[in-house]
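One structure is given here, and the rest of the page talks about it.
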Amino acid sequence: MAIVKVHEKYKWKFLEKNYFYSIGAGMLVTLGAFFKTGILNKAVTIRYPEETRPVSNRLRGLHTLKRDEEDRERCTACFCCQWSCPADAIHIEAAEVPPERAHLHPEDKYAKVFQVDLLRCIYCGLCEEACPKGAIYLDGGIPMPADHRDKFIRNKEDMLEEKGGPLIGERI
Ligand code: SF4
Ligand code: SF4
């Protein structure tokens, strides 16, 4: 009995089921790279991270924390993103908004500490989906390499945008 129903379009063709065909297709890619570098003397790699290849517009990038139209932090430290994160990558410490910061926050609580561990994050986008305030989005560019584990911890200061604006996308 078929447990998973696969759409006709995605069903494997006869040749795809044949391992020799797949191995041959892989070897063709290798041969192509061999001729390009060995005979034409052209590079098949790029100087990453100085150069990057074009990425899909569906790419989920680094996290950004948004401000509203009055430049107040949208995040109210509700912890929805932290609880919904399947990789346990978000760490938030909430605090009462002090009077001198009242103009920066819409409610009486804010995220004093907001960290994302990029070595744990799987870029699933669930934090974005879970946020009831439209405060966190994965639209902050491509994750870059680093030479120390500490550099993969994104702090609030790294993620918080300077200027605010309307909500991105629809929030229900
Ligand atoms: S993208 Fe997914 S894994 Fe990464 S912080 Fe958000 S919920 Fe966690
Ligand atoms: S980013 Fe959104 S979901 Fe996460 S704590 Fe802030 S308001 Fe809540």
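The values are calculated or read from the model by the stated rules, or taken from the named source; none is laboratory data. Treat the numbers as computed from the prediction; the structure is a model and nothing was measured. Counting neighbours? That spans all protein chains shown, and the Cβs are built from the backbone with ideal geometry, glycine included.
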When the stretch 131-150 is checked residue by residue, the ones that are more than 16 Å from the chain's Cα centre (by Cα) and either more than 16 Å from Leu119 (Cβ to Cβ) or of a type outside the set (A, V, I, L, M) (or both) are Pro132, Lys133, Asp147, His148, Arg149, Asp150
Checked the stretch 79-91 for anything within 6 Å of ligand 2 (Cβ to nearest atom) and in contact with a Cys (Cβ under 8 Å, 6 or more places away or on another chain); matches are Cys80, Cys81
Apart from one, (1) near ligand 2 (Cβ under 10 Å from one of its atoms); (2) surrounded by fewer than 18 Cβ atoms within 10 Å (Cβ to Cβ) all hold for Glu157; the odd one out is (1)
Those residues of the stretch 122-154 which are within 14 Å of ligand 2 (Cβ to nearest atom) and assigned to a loop (DSSP other than H, G, I, E, B) amount to Gly125, Cys131, Pro132, Lys133, Gly134, Ala135, Leu138, Asp139, Gly140
Only one of Glu73, Glu157 is on the phi < 0 side of the Ramachandran plot and touching a strand residue (DSSP E or B) at 6+ places or on another chain (Cβ under 7 Å), namely Glu73
### Task
For the stretch 76-84, indicate whether the set of residues that are in the same structural domain as Ile142 (by TED's automatic domain parsing), assigned to a loop (DSSP other than H, G, I, E, B) and aliphatic (A, V, I, L, M) is non-empty.
yes
Counting only residues in the stretch 9-36 that are of a type outside the set (S, T, N, Q) and in contact with a helix residue (DSSP H, G or I) (Cβ under 8 Å, 6 or more places away or on another chain), the one modelled with the highest pLDDT is identified as Tyr21
By residue number, the members of the stretch 19-76 that are touching a Leu at 6+ places or on another chain (Cβ under 9 Å), within 30 Å of Pro98 (Cβ to Cβ) and either free of Cβ contacts under 8 Å to residues at least 40 places away in the same chain or charged (D, E, K, R) (or both) are Lys66, Arg67, Asp68, Asp71, Arg72, Glu73, Arg74
A careful count of residues in the stretch 92-108 that are part of a strand (DSSP E or B) and loosely packed, with under 15 Cβ neighbours inside 10 Å gives 3
Thr45 passes all but one of the listed conditions (1) more than 9 Å from ligand 2 (Cβ to nearest atom); (2) surrounded by 19 or more Cβ atoms within 10 Å (Cβ to Cβ); (3) polar (S, T, N, Q); the exception is number (2)
Only one of (1) in a loop (DSSP other than H, G, I, E, B); (2) modelled with pLDDT of 95 or more; (3) within 30 Å of Pro49 (Cα to Cα) does not apply to Glu70, and that is (3)
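Per-residue answers, yes or no, for (1) of a type in the set (Val, Ile, Thr); (2) assigned to a helix (DSSP H, G or I):
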residue	(1), (2)
Lys5	no, no
Leu15	no, yes
Ile23	yes, yes
Leu28	no, yes
Phe35	no, yes
Asn41	no, no
